[in-house]
Every structure is written in structure tokens, then in C-alpha cells.
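For reference, the structure is listed below as C-alpha cells.
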2 protein chains.
Amino acid sequence: MPEQTIDINSLDGPLGQRVYAAMRGQILDMTLEPGQILRKSALCEQLGVSRSPIAEALGRLSSEGLVNIIPQSATRVSQFSMAELLEENFLREAVEVAAIARVAKDPTHDQILRLSRNLKLQSLLVEDHDFEGFFEADLDFHEMILSFTGFPKVNVVAEDMSLQLRRARKLILPEPGRPTEAVAEHEAILQAIKDKDVASARSAMSRHLRQLIQRIEPLEREHPEYFRST
Amino acid sequence: MPEQTIDINSLDGPLGQRVYAAMRGQILDMTLEPGQILRKSALCEQLGVSRSPIAEALGRLSSEGLVNIIPQSATRVSQFSMAELLEENFLREAVEVAAIARVAKDPTHDQILRLSRNLKLQSLLVEDHDFEGFFEADLDFHEMILSFTGFPKVNVVAEDMSLQLRRARKLILPEPGRPTEAVAEHEAILQAIKDKDVASARSAMSRHLRQLIQRIEPLEREHPEYFRST
DNA sequence: ATTCGTCAACTAACATGTCAGTTGAGGGGT
DNA sequence: ACCCCTCAACTGACATGTTAGTTGACGAAT
């Protein structure tokens, strides 16, 4: 088996940065499984680089919590813990609710227009059963709201603090009626924005985000191998 | 001038970790000034270690935004930007308001007791004009609320996403009446918790946190040398 | 006097040699 | 048969040599 890893040359910037980005991507899309052991020497010959940039990349991944470095011993892709996922969901909800409150207070016509367009697209994609495309549009919807706060880094920070959540989402099996529900929830959010109704915008966003954690909770018994026992 | 830097030996753990912690502390308490250039070779002989652990430490500080590494050229302590400070304040408010809402919903007797004790301490310290001690108690008050959510990492994440804010706070000149006001605001928060009044707990926390940004805004013209021009 | 090209000195980035701590298998003692 | 001790092999942590890119000063041409 060729064990095809990502090639580094498709990116730019310093070598350590490229290794970091490549490994981060592989961890987040579950190509590298939780619990898997990462050997520095193996990574060296797979990627064709020396140990320095790999050490730097692993260090940064470790500070983000995506890998666990056991001193003088081993490095492995970090496993899930349900407590951690619940915590990340709390933080994500805190930020997204604050963002929607800020946006709903005084939305511009352009913002409403862009959200409406995105929502129409979501409906079409669900009708066509293009769930991959819907997933993308869903992410865009939330990212747009975060960027409408006028704070450029908010969406980056919001992602960084819910990395495990994003990774766990990959494990959720598609449920038949869910996309249609999600579109309805998005419509409720948009309606509240149009009405400049801050309170109902907040609660609509809360309700929407709590759907995710309900579907994540059963994961611990479906995939116990990805969760740490402690 | 002896140029006394922190000694590394007072900490434990891997060398890179110690260097990271030491420099992080110095940056956060403004011992290392924004804009100051950090020379790796100079740090090597000051700390008595080689370049590897220093490179690791600087890499982690860079990913936290505390230093700017200009590729192949220089590394400097990052400067402030008012937009960034406003953004961090927004994020901090989002998390702390969500936390207070969760805590106020169903506080335990023990939680109320500990907050009350802390608040009494704050009053005493203000009466004695021990503002240094009050500053500590203030931080404890907020940290306690964050930890009462039951999520262990929330207070760490909340700090990590408002590092510049914490650093900028050091520049604020003490204002005569402010500590007394702060205690009153804390009391309003505690009262809302006792009443299990989620809505007023939220607004009391919001009002309290927005005091800080008002006192930070004039900083840009008082200390233009610490802000980046862009 | 001013502008532009050149070059030397400095920097971070990378490669690699070396050290120390951990782990797990095997052998000796009980 | 079981437990503990020892030791070899592997790992990450650190030191240091090497490379390549940036910068700023100096000097030549205008």
C-alpha cells in the first residue's frame, strides 16, 4: 500500500508551515485517526524533509490540542473526550450567539441580501440531494454571520476553539430529514435578523446549534475507539 | 545595566516550555515592550540555552500572536492595534456573558458563598487602598464564574483569546473612583445570581465589561509608540 | 546632491549529530 | 509459575553546523 500522504509542494511558505498545514488538514478530515501514533522519523522520509520542520509542526499542533506529545516517549493524534466536545460547543455557541445579536441589531441591506441568497442556494441543494454542497453552504452561512460583526478574526478564532467539534462532525451519519430541518432553522435566524429582533435571533441560533450536540452525543458508544477512556 | 531577565531554572518541565513560559510572562506584564526586537543569539546567551528551545518558544508565541516573526529577517514583540483590542473584548464578553447566564440559571450554595467571600475581600482591599490586591481579587472573581460553568478549560481559552487585552490593561492609569465602581458592578452580578435572574445577570456582566474598553480606547494617543501604524 | 545598484553582515530556516528518558521484552531470583 | 530487575532499542529533546533570504549601508553613476 503506497500510504499516500499529502505532498508538501502544493503549498507555499516556510517548510514548517507547510508541514503544519498539511498535517492539520489530515487530522481535521480524519485521514489521520485519533490515537494513531506519529513517528518523527517515518514522517521525515514520507515528506522528504528533516526533523526540524516536523518538530515545529508537531509543537504547534500540540498547542492546539490536535496531538498529544508524551515527553521522551511518543506523539499521537489526540482522541476525543465527550466533556471536551461539550465544552467546545458551549464556547462556539457563546461566540455565535453574541455575533448574531450584534448583527441582528442593525443589519445592512447587503448583509440580508447575501444571507438570503445563501439560504435559497441551501434549499436548492437539499432538493437536489447534493448534501456535500449543502454542507459547504451551511458553513458559509455561519461564517458570513461571524464576518458581519466587522471583526475580521472572529471566524478564525471561533474555528480554532472548536477544532475537535469540527473533526467529530465528520463521524456523524447523515440523517434523512436533518438538512431540511437545518434550512428551516436558518430561515428562522434570517427572519429574526430582518425583524431586527435581537432576542429571537439569539434563541433561534441557540436552538440551531444545540441540534449538533444532540447528534454528537451518541458518538461515544458508536466509536469508542476514538474516545479516550479517562 | 544588568538587563535582568527571568531565570529559567525556577520552573520545571522541558526546556522549550520553560523558555516559552518565561517569555510569555515577560511580554504579558510589559517587561518586554511592544515593537522590541528579539534576537535569537542574544536570548541564547542570556538564558544559557541553545537555539532549538528558543525557536520552539518563539514559534508558539507567534501562533498566539504575541510576537511577529518576519521570515528570514527579524522577530519582534507584537504591537497593539485598536481594532484587535475591540475584537478581543467582543470575544471575551461573549464568553463571560454565556458563562454568567449558565451559572445564574442554577447556582449552588457553595458557589454563591465563594463569590460572596471574594466580594467582601474586594471591599476590604479597596478600603485599605491595596489596589494591587484588589486587582488580583478582581481576576479571581471572573475566573471563579468561568470555572463554575463546569467546563475546566473555559477560563484558559478565555484568557488565550484576550491576551492583548490583558497586556494593554497594564497601561491603564489608576483612576480614583474606579475600584469602588467595579465592586458595585460585581455586587450587581452576584445579586442577579442569587436571584437566579439570568437576563439581568447577563446585562450586569455586559455593563461591567464595557467599562474596560472605554478606558482602553484613549490608550492609542497616550502611547502611540505601542500601536502599529497600519 | 540624489538615486540606484551592489555587496557585506545579519537573520531565521533547515539539516543533522548527540543526549537522555521511556518502554517493553527477556532473564534471573523467589 | 510469577514477579522484579536489568538492559537494549526506540523515542523525543537539545546542541550545533549549514543554507538561503533580507536588509541597510556604502559607493558609483547621473
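Some observations on this one:
- Any hit, the range B:19-26, residues being open to solvent by 70 Å² or more (accessible area, probe 1.4 Å) and outside the structural domain of B:SER203 (by TED's automatic domain parsing): no
Residue-by-condition table, conditions (1) at pLDDT 95 or above; (2) within 24 Å of the chain's Cα centre (by Cα); (3) more than 20 Å from B:ALA199 (Cβ to Cβ); (4) not hydroxyl-bearing (Ser, Thr, Tyr):
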position: A:ILE189; (1), (2), (3), (4): yes, yes, yes, yes
position: A:ASP197; (1), (2), (3), (4): yes, no, no, yes
position: A:ALA201; (1), (2), (3), (4): yes, yes, no, yes
position: A:TYR226; (1), (2), (3), (4): no, yes, yes, no
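- Applying the criterion of at least 2 residues that are within 14 Å of another protein chain (Cβ to nearest Cβ), surrounded by fewer than 20 Cβ atoms within 10 Å (Cβ to Cβ) and out of contact with any helix residue (DSSP H, G or I) (no Cβ under 6 Å at 6 or more places or on another chain) to the helices (runs of 4 or more DSSP H) found wholly in the range B:64-148 leaves B:82-105.
- The residue pairs whose first member lies in the range A:22-42 and is on the phi < 0 side of the Ramachandran plot, whose second member is open to solvent by 50 Å² or more (accessible area, probe 1.4 Å) and away from DNA strand D (no atom under 16 Å from the Cβ), and whose beta carbons are closer than 6 Å, counting only pairs six or more residues apart or on different chains, are A:ALA22/A:ILE6.
- Checking each residue in the range A:43-55 for being open to solvent by less than 70 Å² (accessible area, probe 1.4 Å) and within 12 Å of chain B (Cβ to nearest Cβ) picks out A:PRO53, A:ALA55.
- Meets criteria (in a loop (DSSP other than H, G, I, E, B), touching a Ser or Thr at 6+ places or on another chain (Cβ under 9 Å) and surrounded by 15 or more Cβ atoms within 10 Å (Cβ to Cβ)) for A:PRO34: yes
- Flag for B:LEU58 being within 14 Å of chain A (Cβ to nearest Cβ), within 16 Å of DNA strand C (Cβ to nearest atom), under 21 Å from the mean Cα position of the chain (by Cα) and in a helix (DSSP H, G or I): yes
The values are calculated or read from the model by the stated rules, or taken from the named source; none is laboratory data. In this text, all values refer to a predicted model and were calculated from it rather than measured experimentally. With ideal geometry, Cβ positions are generated from the backbone for all residues, glycine too; neighbour counts draw on all protein chains shown. These accessible areas exclude ligands, DNA and RNA; they are computed on the full protein's heavy atoms, side chains included. Shrake-Rupley method; radii C 1.70, N 1.55, O 1.52, S 1.80 Å.
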